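Report on the following structure.
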Amino acid sequence: MINTTLMAERYQSARDLFLSNADKAGWEAHSLLHPLKGPQGIDLYTDVIHTGNPDSENLLMISSGTHGIEGYLGSEIQSRLLAENVIAPDRSDRHAVMVHAVNPYGFAWHRRVNEDNIDLNRNFIDFDAPLPENEGYEAFRALLNPAEWDEGYEEKLKAEAALAIERMGLGALFKSVSGGQYEHPSCIQYGGQGPCWSRRMMEDVWTQVMANKRRATQIDLHTGLGSPGQGILMTYGKDEQTRIKRARAMWQDIFVSPPAETDDTLTTGVLGPHLEEMFADRDILAVVLEYGTKEPVDVLHAIAADNWLHHHGDVDSERGARIKQLMLDAFYLSDTALREKSYQRARNVVVAAENAG
Ligand SMILES: [Zn+2]
């Protein structure tokens, strides 16, 4: 069971290992203090480290914890890449940056969302334009955001999801739920009403490191989608685009790019495409390296339970600890062999990016 003491320890030990490995490998670190506290009152940080030549035109960037708790696997991958010196510190033709815990609040509290209940990958939108609408969400709002939660909820969710898949198909269900929403701050998949702390922080980091860059590869580490331990690289864009060609050449079949026209709501507010838009005059390839963990309905169950917990329940209770265990099961790989497999995949991805220049 994951109580608040364990959560605090897990976050701190992940962070300590990352910083100590960064130091041993000769990377320079900058720690950005988050305004809020973690479990047991601990301080929360996003840690940004860099190596190589800041004046070169090429950037390689690897980030973890955009979806909070997903950062536990991401953090392990980052720390081991550092321990094995996969990214050579002395290269003069490339600047390398790692961001640890893009969303440190969600990371430490074992949530996927941030301090504002925001799914960060729905927050990178233009808030001056009309907010995106997702009409499909409403049909599932009550089911996914129960006011009462108990251990029987999982069966109810599974049964209703199966019925919905039968009725409308998996793709339509996925779009309705995962498409996000901007109207209900206490419901799941909320995108926010303005740029959140983590978004503004990332924009600052990008503005600084991108100043003199012509070309960048950004890899954001995620979990919760796909088959267990399997990592795939995803981005949005069409095959004829230079950056997609670059991705295919670099990563071959590890790279899976959904055609941009299939599903607009799924691309709304994602971190990587925002980086590409911010520097549209440069050659930027931003991808997600996504690792499968559990079945989609188990992942959804954990997200809904955790959302109930933070709005209606008590994190510091036995049920709270049980729900946090569900979250960990849904977003971390407890199996050592699967973690090894996921690291080797990440290593291959990074080595290919390094060899491509
Ligand atoms: Zn994610």
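The values are calculated or read from the model by the stated rules, or taken from the named source; none is laboratory data. Source: prediction; values computed, not measured. Here the Cβ positions follow ideal geometry from the backbone for every residue, glycine too, while neighbour counts run over all protein chains shown. Heads up: the accessible areas ignore ligands, DNA and RNA and are worked out on the full protein's heavy atoms, side chains in. Shrake-Rupley method; radii C 1.70, N 1.55, O 1.52, S 1.80 Å.
For the stretch 1-24, what are the residues that are in a helix (DSSP H, G or I), surrounded by fewer than 20 Cβ atoms within 10 Å (Cβ to Cβ) and in contact (Cβ under 8 Å) with a residue 12 or more places away in the chain?
T5, A8, Q12, L17, L19, N21, K24 - these are the residues of the stretch 1-24 that are in a helix (DSSP H, G or I), surrounded by fewer than 20 Cβ atoms within 10 Å (Cβ to Cβ) and in contact (Cβ under 8 Å) with a residue 12 or more places away in the chain.
Is there a residue in the stretch 185-201 that is open to solvent by 10 Å² or more (accessible area, probe 1.4 Å) and at pLDDT below 95?
Looking through the stretch 185-201, at least one residue is open to solvent by 10 Å² or more (accessible area, probe 1.4 Å) and at pLDDT below 95.
Looking only at the stretch 165-191, how many residues end up being among the small types (G, A, S) and touching a Cys at 6+ places or on another chain (Cβ under 7 Å)?
So the count comes out to 0.
Read through the list (1) outside any strand (DSSP E or B); (2) farther than 20 Å from N103 by Cα; (3) touching a helix residue (DSSP H, G or I) at 6+ places or on another chain (Cβ under 8 Å); (4) open to solvent by less than 60 Å² (accessible area, probe 1.4 Å), then give the number of the only condition that I232 fails.
Only one criterion in (1) outside any strand (DSSP E or B); (2) farther than 20 Å from N103 by Cα; (3) touching a helix residue (DSSP H, G or I) at 6+ places or on another chain (Cβ under 8 Å); (4) open to solvent by less than 60 Å² (accessible area, probe 1.4 Å) is unmet by I232, namely (1).
Counting only residues that are within 13 Å of Q230 (Cα to Cα), charged (D, E, K, R) and surrounded by fewer than 16 Cβ atoms within 10 Å (Cβ to Cβ), how many does the stretch 296-346 have?
2
Answer with yes or no whether V86 is surrounded by fewer than 24 Cβ atoms within 10 Å (Cβ to Cβ), within 30 Å of E9 (Cβ to Cβ) and in contact (Cβ under 8 Å) with a residue 12 or more places away in the chain.
Taking the combined requirement at face value, the residue satisfies it.
Given the structure, is A249 within 30 Å of E57 (Cα to Cα), of a type in the set (G, A, S), surrounded by fewer than 14 Cβ atoms within 10 Å (Cβ to Cβ) and without any contact (Cβ under 8 Å) to a residue 12 or more places away in the chain?
No: the conditions fail for A249.
Can you pull out every residue in the stretch 13-31 that is closer than 20 Å to H95 by Cα, hydrophobic (A, V, I, L, M, F, W, C) and out of contact with any Leu (no Cβ under 8 Å at 6 or more places or on another chain)?
Passing the criteria: only L19.
Of all residues being over 15 Å from L289 (Cα atoms) and either assigned to a strand (DSSP E or B) or of a type in the set (F, W, Y) (or both) in the stretch 211-229, which is farthest from the ligand (Cβ to nearest atom)? Just the residue, please.
Among residues in the stretch 211-229 that are over 15 Å from L289 (Cα atoms) and either assigned to a strand (DSSP E or B) or of a type in the set (F, W, Y) (or both), the one farthest from the ligand (Cβ to nearest atom) is R215.
So is L221 in contact (Cβ under 8 Å) with a residue 12 or more places away in the chain and either under 21 Å from the mean Cα position of the chain (by Cα) or under 30 Å from V350 (Cβ atoms) (or both) or not?
Against the criterion (in contact (Cβ under 8 Å) with a residue 12 or more places away in the chain and either under 21 Å from the mean Cα position of the chain (by Cα) or under 30 Å from V350 (Cβ atoms) (or both)), L221 qualifies.
Can you tell me how many residues in the stretch 136-150 are touching a residue at least 12 places away in the same chain (Cβ under 8 Å) and surrounded by 10 or more Cβ atoms within 10 Å (Cβ to Cβ)?
10
Looking only at the stretch 252-264, filter to residues that are open to solvent by 30 Å² or more (accessible area, probe 1.4 Å) and among the polar types (S, T, N, Q); which one of those is modelled with the lowest pLDDT?
Within the stretch 252-264, the match that is modelled with the lowest pLDDT is T262.
Taking into account only those residues within the stretch 115-131 that are closer than 30 Å to G169 by Cα and in contact with a helix residue (DSSP H, G or I) (Cβ under 7 Å, 6 or more places away or on another chain), which is surrounded by the most Cβ atoms within 10 Å (Cβ to Cβ)?
Of everything passing the filter in the stretch 115-131, N123 is surrounded by the most Cβ atoms within 10 Å (Cβ to Cβ).
Please enumerate the residues belonging to the stretch 202-229 that are open to solvent by 60 Å² or more (accessible area, probe 1.4 Å) and over 20 Å from A356 (Cα atoms).
The answer is D204, T207, Q208, A211, L225, S227, P228.
Using the structure shown, decide if D329 is assigned to a helix (DSSP H, G or I) and without any contact (Cβ under 8 Å) to a residue 40 or more places away in the chain.
Criteria met by D329.
Out of all the residues in the stretch 280-295, which are part of a loop (DSSP other than H, G, I, E, B) and open to solvent by less than 20 Å² (accessible area, probe 1.4 Å)?
Selection gives T293 alone.
Quick check: is even one residue across the stretch 60-70 farther than 26 Å from E277 by Cβ, of a type outside the set (K, R) and either in a loop (DSSP other than H, G, I, E, B) or touching a residue at least 60 places away in the same chain (Cβ under 8 Å) (or both)?
Taking every residue of the stretch 60-70 in turn, at least one turns out to be farther than 26 Å from E277 by Cβ, of a type outside the set (K, R) and either in a loop (DSSP other than H, G, I, E, B) or touching a residue at least 60 places away in the same chain (Cβ under 8 Å) (or both).
Would a scan of the stretch 29-52 turn up a residue that is of a type in the set (S, T, N, Q), out of contact with any Gly (no Cβ under 6 Å at 6 or more places or on another chain) and part of a loop (DSSP other than H, G, I, E, B)?
no
Being touching a helix residue (DSSP H, G or I) at 6+ places or on another chain (Cβ under 7 Å) and within 16 Å of the ligand (Cβ to nearest atom) is true for just one of L36, L73. Which residue is that?
Step by step, each of L36, L73 is checked, and only L73 is touching a helix residue (DSSP H, G or I) at 6+ places or on another chain (Cβ under 7 Å) and within 16 Å of the ligand (Cβ to nearest atom).
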